[in-house]
Amino acid sequence: MFAALVPPEEVAEGLADFLAPRRDAAPFRWTSPEQVHLTLAFYADVPEHDVEALAETIADTSARRRALRLRVAGGGAFPDPDRGRVLVAGVEAEEDDRDELSRLAGACRRAGPRVGTEVDGQRFRPHLTVARCGRPTSLTSWVRLLDSYRGPPWAAGEVSLVASYLGEGPRRRPRYQVVAVAPLAPSPGAEGK
């Protein structure tokens, strides 16, 4: 399972449209637009009896965090562009939202241990996974290409708790199922917008 911010369809489709003319140039496993998300926390193995408690903890946490203004911009690769296995698009937060995004991710990470669930992953680096490679590959030219991309701004107003079923999706990819949605508090000054 994972906690994530899911961009609106037009944001994910915009990124997919930008990459579409170039997709055939690389034998990557491309992420479909409907599976694009910004992972806040990854929970290794959540027993079924802990799912409701995890969802409630994330809801409580989310209610204390505020909505964010984000934009898909730039690119990167993990572990690095010269020997990448994962190609990513960057996610920018407006200046006053950068720290709030990190605090939200930290709060979602802390939600797991509160209900007895381990959290996987390293330091939080906001991104959207675009493609995966079967072996380490030079992704430098792809990162440069993504560095030229700047998508439309979007408002992230809720955290989704998502179950991932490995190998159950199309072409043996994961199948994602949103099991809970937790609203974030409105941003200050958002009432008149």
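Data for the structure
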| item | result |
| --- | --- |
| Residue within region 85-101 that is in a helix (DSSP H, G or I), closer than 30 Å to residue 18 by Cβ, touching a residue at least 24 places away in the same chain (Cβ under 8 Å) and hydrophobic (A, V, I, L, M, F, W, C) present | yes |
| Top-ranked residue in region 18-44 [being more than 23 Å from residue 138 (Cα to Cα) and over 13 Å from the mean Cα position of the chain (by Cα); ranked as modelled with the lowest pLDDT] | 44 |
| Where a residue in region 50-71 is assigned to a strand (DSSP E or B) and its partner, wherever it lies, is buried (at least 17 other Cβ atoms within 10 Å of the Cβ) and basic (Lys, Arg), with Cβ under 8 Å and at least six apart | none |
| Residue 166 vs. criteria under 21 Å from residue 23 (Cβ atoms) and of a type outside the set (Phe, Trp, Tyr) | no |
| Count - residues of region 13-31 that are among the small types (Gly, Ala, Ser), within 20 Å of residue 173 (Cα to Cα) and either in contact with a Gly (Cβ under 8 Å, 6 or more places away or on another chain) or in contact (Cβ under 8 Å) with a residue 40 or more places away in the chain (or both) | 1 |
| Candidate set from region 1-44 (those that are small (Gly, Ala, Ser) and in contact with a helix residue (DSSP H, G or I) (Cβ under 6 Å, 6 or more places away or on another chain)); member that is nearest to residue 165 (Cα to Cα) | 3 |
| Residue among 105, 77 that alone is crowded, with 16+ Cβ neighbours inside 10 Å, of a type in the set (Gly, Ala, Ser) and part of a strand (DSSP E or B) | 77 |
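Table: residues versus (1) within 17 Å of residue 11 (Cβ to Cβ); (2) among the aromatic types (Phe, Trp, Tyr).
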residue	(1), (2)
33	yes, no
37	yes, no
43	no, yes
52	no, no
64	no, no
91	yes, no
99	no, no
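The values are calculated or read from the model by the stated rules, or taken from the named source; none is laboratory data. Just so we're clear, the structure is a prediction, and the values are computed from it rather than from any experiment. Because the Cβ atoms are built from the backbone with ideal geometry, glycine has one as well, and the counts that use them run over all protein chains shown.
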